[in-house]
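Reading through the structure tokens given below for one structure.
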Amino acid sequence: MPPSSFREKNGCKIYACTLYDEITKRLIRDLKYHNKKQLAPLHAKIMFEYWQELNKKDDYLILPVPIHIERKKERKYNHMDLVADEFSQLTGYKTNKNLLIRTKDTQKQFKLSKQERIKNIKGAFDISIEEQISKETPLLIIDDITSTGITLEEIIKLLNKNGYKNITALALSTPDIWN
């Protein structure tokens, strides 16, 4: 997928590094559900190589998409926190795992229709009042997959509502090519 492939939601560019094929599907599932934490560096490397092609100059703060505390207890980790740590090492960007909070234990999105996803994810996130981050800070939200873009869109809306405007999102994969 060329670096120019992105979609825009609420003034935020959302990039995806690869198409969601059998290889990326396996890579994501193994890290996310099968405790193969050793795959986090590979996720980050793919994302980093794509990111370099975009030639972004800002010093971003990485925000991994959070999971609900109950899901974290079940899995024992947030796979995107692991990827964020690895991506941070490659880029030199700092990571913040506390600004975004998952307040709602949502259903898994992949089995839901677009309308069900919208309803499922609505109000699922909040901003930590304890985090003091300048509203001018360039933010980079990272996630494993974006299909309808609903999760990232919900986070972007929340950040915009709280005064953050310089937001970019990067996902490892998408199931379709964006035009």
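Taken together, the values in this text are just the output of simple stated rules run on the coordinates, not laboratory data. Since the structure is predicted, the reported quantities are computational estimates derived from the model, not experimental observations. Backbone-built Cβ (ideal geometry, glycine too); neighbour counts: all protein chains shown.
Using label points projected 7 Å from each Cα along Cα→Cβ, tell me how many nm separate ILE23 and LYS73, to one decimal.
So the two model labels end up 3.9 nm from each other.
Could you tell me the center-to-center distance, by alpha carbons, between the stretch 136-179 and the stretch 44-117 in angstrom?
10
Report the net charge of residues surrounding LEU27, where surrounding means a beta-carbon distance below 13 angstrom and charges are Lys +1, Arg +1, Asp -1, Glu -1.
+3
Sort LYS157, LYS76 so that the residue with the fewest other Cβ atoms within 10 Å of its own Cβ comes first and the one with the most comes last.
Listing LYS157, LYS76 from fewest to most nearby Cβ atoms yields LYS76, LYS157.
Can you tally the lysine pairs in the stretch 1-98 where the Cα-Cα distance is under 19 Å and the two residues are eight or more apart, or on different chains?
Step by step, the pairs that qualify in the stretch 1-98 add up to 28.
Take every DSSP beta bridge whose two residues both sit in the chain, then give the antiparallel share in percent to the nearest 5.
Rounded to the nearest five, the antiparallel share is 30 percent.
Kindly put HIS79, HIS68 in sequence by how many other C-beta atoms sit within 10 Å of each C-beta, fewest to most.
HIS68, HIS79
Rounded to the nearest 500 deg cm²/dmol, what is the calculated helix-only ellipticity per residue at 222 nm for the chain, with -39500 (n - 2.57) per DSSP H run of length n ≥ 4?
-11500 deg cm²/dmol
What is the ratio of the Cα radius of gyration of the chain to 2.2 N^0.38 Å, where N is its residue count, to two decimals?
The reported ratio for this selection is 0.95.
Would you calculate the convex hull of the Cα atoms in the stretch 71-171 and tell me its volume per residue in Å³?
Taking the convex hull of the Cα positions in the stretch 71-171, it is 110 Å³ per residue.
Determine the relative contact order of the chain: mean sequence separation of Cα pairs under 8 Å and six or more apart, normalised by residue count, in whole percent.
Here the relative contact order equals 32 percent.
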